[in-house]
1. Give the residue that is most open to solvent (accessible area, probe 1.4 Å), with candidates limited to residues of segment 450-464 that are outside any helix (DSSP H, G or I) and not β-branched (Val, Ile, Thr).
2. Conditions: (1) free of Cβ contacts under 8 Å to residues at least 40 places away in the same chain; (2) farther than 20 Å from Glu515 by Cα; (3) aliphatic (A, V, I, L, M). Ala448 meets all but one. Number of the miss?
3. Just checking, how many residues over segment 403-444 are open to solvent by less than 60 Å² (accessible area, probe 1.4 Å), free of Cβ contacts under 8 Å to residues at least 60 places away in the same chain and under 30 Å from Asn321 (Cβ atoms)?
4. Are any residues in segment 92-106 farther than 17 Å from Ala403 by Cβ, under 12 Å from the mean Cα position of the chain (by Cα) and surrounded by 14 or more Cβ atoms within 10 Å (Cβ to Cβ), and if so, which ones?
5. Looking only at segment 526-539, which residues are farther than 19 Å from Phe334 by Cα and touching a residue at least 24 places away in the same chain (Cβ under 8 Å)?
6. In segment 287-321, which residues are open to solvent by 50 Å² or more (accessible area, probe 1.4 Å) and either in a loop (DSSP other than H, G, I, E, B) or in contact with a Gly (Cβ under 6 Å, 6 or more places away or on another chain) (or both)?
7. Return the residues of segment 421-449 that are among the charged types (D, E, K, R), within 20 Å of Glu489 (Cβ to Cβ) and assigned to a helix (DSSP H, G or I); say none if nothing qualifies.
8. Regarding Pro347, is this residue part of a loop (DSSP other than H, G, I, E, B), open to solvent by less than 50 Å² (accessible area, probe 1.4 Å) and at pLDDT 80 or above?
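The values are calculated or read from the model by the stated rules, or taken from the named source; none is laboratory data. As the structure is a prediction and not an experimental result, all values here were calculated from the model. Backbone-built Cβ (ideal geometry, glycine too); neighbour counts: all protein chains shown. Just the protein is used for accessible areas: all its heavy atoms, side chains included, with ligands, DNA and RNA removed. Shrake-Rupley method; radii C 1.70, N 1.55, O 1.52, S 1.80 Å.
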Amino acid sequence: MLTLLKYIKPFRMLIILGIVAMFGQAMAELYLPTIMSDIVNNGMMRGNSSYVLTKGTFMLLVALSSGLLAVAGSFLSAKIALGLGSYVRDLLFTKIESFSLDEFDRIGTASLITRTTNDITQIQMVVVMMFRFIIYAPIMCVGGIIMALSKDKQLTILLVIILPLMFLTISSIATFLMPLFRQMQTKVDKLNLVMRENLTGIRVIRAFNRINYESERFEKSNRELADISIRANKILALLQPVMVMFLNITSILIIWYGGIRIGQNNLDIGDMMAFMQYSMQIMFSIIMVSIMFIMIPRAQASAIRVNEVLEMEPEINDPANPAKTTSLRGYIEFKDVTFSYPGAEQPALKNISFTANPNETVAIIGGTGSGKTTLLNLIMRYYDVNQGCILADGIDVRHFKQADLRAKIGFVPQQAILFSGTVSENIRYGKNNASDEEVTQAAAIAQAIGFISHMPEGFNSFISQGGTNISGGQKQRLSIARALVRKPEIYLFDDSFSALDYKTDALLRKALQTEIRDATMIIVAQRVSTIMDADRIIVLDKGEIIAIDSHRNLLRECEIYREIVSSQLNEEEIA
């Protein structure tokens, strides 16, 4: 928890003002019982009404100032806590954006969502109370003890007995709660995971009639979280009655022993009333601190989870002295590249060497799991190679800033991802400042103009999250248009034509050859018809290059390629 407080520096002025407000409130509240004692002893007991009126007016002013300072302190505490939460959440999101795909997989998307939302909310709540109570309560406790001693030292012996017992009780409750709060946050992760899978996979769940199974799965996760929460709250529920019991016992003992001392003329009635007020202030301040001790364990568990992300060093970083762009444009070269996923027994790619030049189309084909998508991920530096190197425009991709490297690339993923917004906003995702003409041209090349023109508002029509209100082929074409509007040096198509019918596929490839010049295209495909016209075709098998050549030459010389072709085309089409 303390490690997160280092991010509080931007709010130093607010903290100083908050401390001043809470210190003033505490001093005003400590002074009130003394004024009341003077009114009782010197005014009411002696029948001096003018003294009571004067002191009473002053007491009201002190109470009013205490209330105003309390409001100011609460406002500043909330502002500090919410500011810290916003600042840390921004740091966390920025950190997550810098992670490689391996780090995403290691932590898990559901857990990252929980850490960015629920965990930071827990920290915010504690910071509000911390600045409200950790400063205010100790002043009230120490000040109350000093003022109580000034009224009667004998009665203070009661507090010496009661206060340690309260501390022991609070410590025992906190000891039981700490592990439960840690488990609670883990269960929130699990619940988020199940919920997220259900929302994203609702079509599959319904198609396979697994709604009851998923409901049971959610109920199990929900019940586990509820059980841990109930167990923690049962222990937490003990705190209030125990504290009330201590307060009542203390009041009874003060009245009993104070009455004896008043009867012996060793104590005035007003002083006993003031002493009782001070004892209540002391015990309430201890209760405030006890609430903090109860809440800090849960916030501590959340802070540890947030710090795990903030302190995690990304595996892929920008170089200290990034390379500058050369006169070359659109050249990609693999030099004896070998890559293994973390924890994998076998490399995903082995000894990969090839080149792709401007105004050239290089296609990649192979069986499932042969490493086609992995190869594209390495070009974009989603992962770093284990051996060898990948050159972009003659420079190792590891020597570029990641933003500069990816600015050279127009990527179309295997699974089309769209964002909530209009059609034009989704296309402009590839280039923020793209003109309407550029957006229209990109959509035309991607063969998307036809269905866009039939939408109610054309390019201003709304696309729902994930593109669920349009078909798979339409999503894919918008995804292609998003890459085209960027006009990059290198186009990477990761099996991007599989959702298109053969006619649209042929029209799109023809438009690409006509409209895209001086750019390099690397196409991963399963359909032979998509890549037949490529300048070179790379055949991958089990992570290794089996052959590189044109379609006709591969048909004659590569057995694996011939098998792939014969499985998709008949003899007439092959001829």
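1. Applying the first criterion (outside any helix (DSSP H, G or I)) to segment 450-464 yields 454-457, 461-464.
Filter again for not β-branched (Val, Ile, Thr), leaving 454-457, 461-462, 464.
On the way: His454: 158, Met455: 32, Pro456: 130, Glu457: 124, Ser461: 6, Phe462: 125, Ser464: 26 Å².
Per the criteria, the residue is His454.
2. (2)
3. Residues that pass the stated criteria total 3.
4. If the condition is that a residue be farther than 17 Å from Ala403 by Cβ, under 12 Å from the mean Cα position of the chain (by Cα) and surrounded by 14 or more Cβ atoms within 10 Å (Cβ to Cβ), then Leu92 is the only one that fits.
5. Filtering segment 526-539 down to residues farther than 19 Å from Phe334 by Cα leaves 526-533.
Listed by number, the residues that qualify are Gln526, Arg527, Val528, Ser529, Thr530, Ile531, Asp533.
6. If the condition is that a residue be open to solvent by 50 Å² or more (accessible area, probe 1.4 Å) and either in a loop (DSSP other than H, G, I, E, B) or in contact with a Gly (Cβ under 6 Å, 6 or more places away or on another chain) (or both), then Glu311, Glu313, Glu315, Asn317, Asp318, Ala320, Asn321 are the ones that fit.
7. Initially, segment 421-449 is screened for residues among the charged types (D, E, K, R), giving 425, 428, 431, 436-438.
Imposing the further condition that a residue be within 20 Å of Glu489 (Cβ to Cβ) reduces the set to 428, 431, 438.
Matches in segment 421-449: Arg428, Glu438.
8. Details: part of a loop (DSSP other than H, G, I, E, B): yes; open to solvent by less than 50 Å² (accessible area, probe 1.4 Å): yes; at pLDDT 80 or above: yes.
Taking the combined requirement at face value, the residue satisfies it.
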